[in-house]
1. Answer yes if at least one residue in region 276-291 is away from ligand 2 (no atom under 13 Å from the Cβ) and either out of contact with any helix residue (DSSP H, G or I) (no Cβ under 8 Å at 6 or more places or on another chain) or open to solvent by less than 50 Å² (accessible area, probe 1.4 Å) (or both), and no otherwise.
2. Failed condition for Ala122, given (1) in contact (Cβ under 8 Å) with a residue 40 or more places away in the chain; (2) open to solvent by less than 50 Å² (accessible area, probe 1.4 Å); (3) within 22 Å of Ala136 (Cβ to Cβ), with all others met?
3. Only one residue in Asp67, Asp73, Asp85 is in contact (Cβ under 8 Å) with a residue 24 or more places away in the chain, assigned to a loop (DSSP other than H, G, I, E, B) and surrounded by 14 or more Cβ atoms within 10 Å (Cβ to Cβ). Which one?
4. Can you tell me how many residues within region 312-341 are under 19 Å from the mean Cα position of the chain (by Cα), open to solvent by 40 Å² or more (accessible area, probe 1.4 Å) and more than 8 Å from ligand 1 (Cβ to nearest atom)?
5. May I ask you to list pairs of residues, at least six apart or on different chains, whose Cβ atoms are under 8 Å apart, with the first in region 383-394 being aliphatic (A, V, I, L, M) and the second being at pLDDT 95 or above and part of a helix (DSSP H, G or I)?
6. Out of Val358, Val344, report the one residue that is surrounded by fewer than 16 Cβ atoms within 10 Å (Cβ to Cβ) and of a type in the set (Val, Ile, Thr).
7. For region 251-260, name all the residues that are open to solvent by 20 Å² or more (accessible area, probe 1.4 Å) and part of a strand (DSSP E or B).
8. Scan the helices (runs of 4 or more DSSP H) fully inside region 319-394 and keep the ones with 3 or more residues being closer than 16 Å to Asp73 by Cβ and among the aliphatic types (A, V, I, L, M).
Amino acid sequence: MANRPVDTDRAATDRKAGFDVQAEFERFDQRNDVFRRSWWDSRIRSDESKQFYATYREPLTLWRRTDGFTQKDYALRNAAWHVSDLFTELKQDEDRREGFTDEFTLDRGVARERMNLGTPAAAAAEVKRVARGFGADLVGITAHDERWMYVNKFSDLSLQAKPQEIPAGMTSVIVTAQSMDYDLIRTVPSALSGAATGAGYSRDAMVVLSTAQYIQNLGYRAVASMNDTSLAIPLAIQAGLGEYGRLGLLITKEFGPRVRLGKIYTDLPLAHDQPARFGVKAFCDVCRRCSQACPVKAVSEDAPTTMRHNESNLRGVRKWSIDAERCFGYWAAQNSDCAICLRVCPYNKDFSKWWLRVGRWLAGTPLRRLMLWLDVALGYGERMDPKRWWAAAG
Ligand code: SF4
Ligand code: SF4
C-alpha cells in the first residue's frame, strides 16, 4: 500500500467515495463562498443581508410576533451561537475570524518531547476515542488532500484574499461530526431552529480545539479548523463519515444531514479510513423531497452535472450543486438560516428507534420507492410547531 503511487490511491479513493472529478477541476477560492460574497459582492450584499447578520450580534430588536420568530426564539438561537462567536471574534483585531475564515491559532504550542503512540492504527483509535470524549459524535481520518484546500482564504473584515497558512507536512485530516438537535430542526423555518446550528458550531469549537491541543501535548503538530481553509464535505466523505446527497450536504448513516463538521490537520502518523457508502446516491436518484420543499427552488431536480449556477459552485466535479445565491437570499429575507431541505430529508431521523433503522435499511435496497412512499404517508419531515418545542421544555 505504501509503495503505490499517490494518483492510483487517489483514483481508488475517488471511486469508493463516488467523486467524479473532471479535467477542468479547479480548487475553490473562499472569496466565492456565498457567505464571503455577502460581504463584498453587491449582487449578494443588501440591506436584508446586513440585517440578517446584525440580528445574530447586536442587542435584539428585530423579533416578530410570528411563532418561532419571537424574542425568546432569537434569544435562544443567539445564545447557542455565543461560545462559537466568542472564539471567532477573539482575534478580529488581527484580521482573523477563526473557525470561519481562518484556522484556529488558540493553542498552547507543541510539547518538546514526542510520545510514541504505537502503530498508526493504534494512534487513530486513540485519537478517535479522545475526540468522542470531547463531544464528537462521529470521527473519521483521511489523507490530507490539496484539492479541497481553498486556493486562498478571504477576510470578511479587510475584504482581502489571504494566503493559506496550514504548515507543510500535515499528512492527515481528522474529521469530526457533531449532531444537531432533531426536534429543533423539526421547527424549521424558525429562528428557534437556528439554535441547533449555533449549538452545533459551539460544540464543534470545543471538539476541534481540545483534540488539536491533545495532539500538540503529545509532541505533534495539529491545527483546529471548522469552516475555514478547506471544503469539509469531500474530506468527510473520504474519511468514511457518509455520502453526498442531492441537497448538497453530507448524509451520515447515524444522523442523516443533521451534522456540523470540524477538522484537525496533523502530522501525527495515523491510519486512514475508507469511504463507506450505504445507498444514498441511489435513494437520492428517486427522491426529490428536498428539491420540492425548497421555497426558492435552489436544490437540483436533475441528475448530477458539472453545470455551475454561479461562482459559488465548485468547478470540475460532476455532482448535485445548490444555487447558493437563491438559498442565501431566502435566509436573508426571513432573517434566519433555513434548513427546510434538511428537515424533510428521509435520512433526517432519530435512528435510536429500531423501526427507523429498518426504514434506513429499506432505503438502501430495491424497495427504496416503498420507503419513500411510507416516509411521506407517515408524515415524516412535516414542520413541528415551535410552541410544541417550548412546551416540551417544561
Ligand atoms: S436551506 Fe432552505 S433555501 Fe437553502 S436549499 Fe435548503 S430549503 Fe432551499
Ligand atoms: S431529501 Fe431525498 S433527494 Fe434530498 S438529500 Fe434527502 S434523500 Fe436525497
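1. yes
2. Status for Ala122: all satisfied but (1).
3. Asp67
4. 2
5. Note: pairs meeting the criteria are Met384/Asp183; Met384/Arg186; Ala392/Asp183.
6. Going through Val358, Val344 in turn, the sole match is Val358.
7. Once the filter is applied, which keeps residues that are open to solvent by 20 Å² or more (accessible area, probe 1.4 Å) and part of a strand (DSSP E or B), region 251-260 yields only Arg260.
8. Result: 386-393.
The values are calculated or read from the model by the stated rules, or taken from the named source; none is laboratory data. Worth saying up front: this structure is predicted, and the values here are computed from it rather than measured. Glycine gets a Cβ as well: all are built from the backbone with ideal geometry, and neighbour counts include every protein chain shown. When the accessible area is computed, the model is the full protein with side chains, heavy atoms only, and any ligands, DNA or RNA have been set aside. Shrake-Rupley method; radii C 1.70, N 1.55, O 1.52, S 1.80 Å.
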